[in-house]
Amino acid sequence: MSTAVRPDSRIDAERHQGKVALVTGAASGIGRGIAQRLAGEGMLVACLDVNGGGIEETMGRIGEALGDDGRAISCTADVRDRAQVRAAVEATVGVFGKLDHLVSAAGLVTMTGFDDLDDEEWDRVIDVNLKGCFLVAQEAAKAISDGGSIVNISTIESDVVVSSTGHCQPHYNASKGGVRMLTKALAAELGDRGIRVNDIAPGVVDTPLTGLDLHAPEAWAFMEPRVLIKRLGQPEDIAAAVSFLLSDDASYITGVHLPVDGGWLVR
Ligand SMILES: NC(=O)c1ccc[n+]([C@@H]2O[C@H](COP(=O)([O-])OP(=O)(O)OC[C@H]3O[C@@H](n4cnc5c(N)ncnc54)[C@H](O)[C@@H]3O)[C@@H](O)[C@H]2O)c1
């Protein structure tokens, strides 16, 4: 496996000084990595998730790393629930005075194939991954002003089908294909207000999402021929790209679908 340098090795503690971000899915995995990275770069971060205990753990890590408990707040909310999301946006503005950025990382996958997929499971995955993304963006955009930015987390599975379990997950593919196109629509819709909207498509990232053991030899045997960078993706890889897209370095980038996948989509 590659031992090349990871992107969290050079952090500019002032990159996002004075800015405020709402990060969904912040209780685990990629969302937690994003919250930690942004806070480490001076951002004030509202951590939204349905898992309150997980948010506390994220906030504890941020407080410990920065020696400051005031850099993050906890917003326990379900991204499918408009009233809860609205309350989270209001709490963020209430505590930090404004909202500059939104990162939508809340999501789930179930590994059920086409023949066994029932209505309830289809609706749950579409509702969290796609409707949740829409709903949070709509509520957050009311508070975000000119110069702000939104990053949605899609997946390479909005480009290709990855059948690691032997069958595909059509509900997950459909939900994330929707996120990809929602991103473009919102970029078009919010451009006049000076708000940029992009999505990042992770490859396989080392988080609890799938419930599969990504460190098992058979998991690497599946991945190895597909990735050009010979290691598993880490939340830090995604967080680094999010930090860039939220920053002024990306001020002319909107409507982009950016794979951060170790080269999975190349062939
Ligand atoms: N891990 C990967 O390999 C991978 C690859 C491509 C895309 N993604 C995407 O990245 C995002 C983050 O996934 P992860 O790998 O960090 O998974 P994860 O399971 O570690 O984190 C997902 C978080 O979303 C939260 N969540 C789920 N449903 C929610 C709801 N209704 N309301 C609020 N929060 C909710 C969970 O509580 C959890 O904290 C997801 O959108 C996922 O589809 C992950």
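With the condition kept exactly as written, say whether any residue in segment 103-112 is in a helix (DSSP H, G or I), over 27 Å from Asp249 (Cα atoms) and within 15 Å of the ligand (Cβ to nearest atom). No - not one qualifying residue is present in segment 103-112. Among the residues making up segment 182-194, those that are under 15 Å from Lys131 (Cβ atoms) and surrounded by 18 or more Cβ atoms within 10 Å (Cβ to Cβ) are Leu182, Thr183, Leu186.
When we screen Gly33, Gly25 for residues that are touching a Pro at 6+ places or on another chain (Cβ under 6 Å) and crowded, with 17+ Cβ neighbours inside 10 Å, the only hit is Gly33. Evaluating Gln138 against the criteria (1) buried (at least 16 other Cβ atoms within 10 Å of the Cβ); (2) more than 22 Å from Gly33 (Cβ to Cβ) leaves one unmet condition, (1). Within segment 163-181, how many residues are closer than 23 Å to Gly132 by Cα and among the β-branched types (Val, Ile, Thr)? Total meeting the criteria: 1.
When you check Asp8 against the structure, is it acidic (Asp, Glu) and at pLDDT below 95, yes or no? Yes. For the subset of segment 203-245 comprising residues that are away from the ligand (no atom under 13 Å from the Cβ) and within 17 Å of the chain's Cα centre (by Cα), which member is surrounded by the most Cβ atoms within 10 Å (Cβ to Cβ)? If we take residues in segment 203-245 being away from the ligand (no atom under 13 Å from the Cβ) and within 17 Å of the chain's Cα centre (by Cα), then Ser243 is surrounded by the most Cβ atoms within 10 Å (Cβ to Cβ).
Can you name the residue in segment 30-82 that is acidic (Asp, Glu) and in a loop (DSSP other than H, G, I, E, B) and is also nearest to the ligand (Cβ to nearest atom) among such residues? The extreme case among them is Asp78. Which residues, counting only those in segment 126-151, are under 16 Å from the mean Cα position of the chain (by Cα) and either over 22 Å from Ala83 (Cβ atoms) or free of Cβ contacts under 8 Å to residues at least 24 places away in the same chain (or both)? Ser149, Val151, listed by residue number. Quick check: anything in segment 200-221 in contact with a helix residue (DSSP H, G or I) (Cβ under 8 Å, 6 or more places away or on another chain), of a type outside the set (Ser, Thr, Tyr), without any contact (Cβ under 8 Å) to a residue 60 or more places away in the chain and under 24 Å from Ala143 (Cβ atoms)? No, there is no match, as no residue in segment 200-221 is in contact with a helix residue (DSSP H, G or I) (Cβ under 8 Å, 6 or more places away or on another chain), of a type outside the set (Ser, Thr, Tyr), without any contact (Cβ under 8 Å) to a residue 60 or more places away in the chain and under 24 Å from Ala143 (Cβ atoms).
Rundown of residues vs (1) more than 14 Å from the ligand (Cβ to nearest atom); (2) outside any helix (DSSP H, G or I), yes/no style:
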| residue | (1), (2) |
| --- | --- |
| Asn129 | no, no |
| Cys133 | no, no |
| Gln138 | yes, no |
| Val160 | no, yes |
| Thr165 | no, yes |
| Tyr172 | no, no |
| Gly178 | no, no |
| Thr183 | no, no |
| Ala187 | yes, no |
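Of the listed requirements (1) under 28 Å from Lys230 (Cβ atoms); (2) surrounded by 20 or more Cβ atoms within 10 Å (Cβ to Cβ), Ser163 misses just one: (2).
The values are calculated or read from the model by the stated rules, or taken from the named source; none is laboratory data. Quick caveat, the model's predicted, so the values are computed rather than measured. Cβ coordinates were reconstructed from backbone atoms using ideal geometry, including for glycine residues, and neighbour counts include every protein chain displayed.
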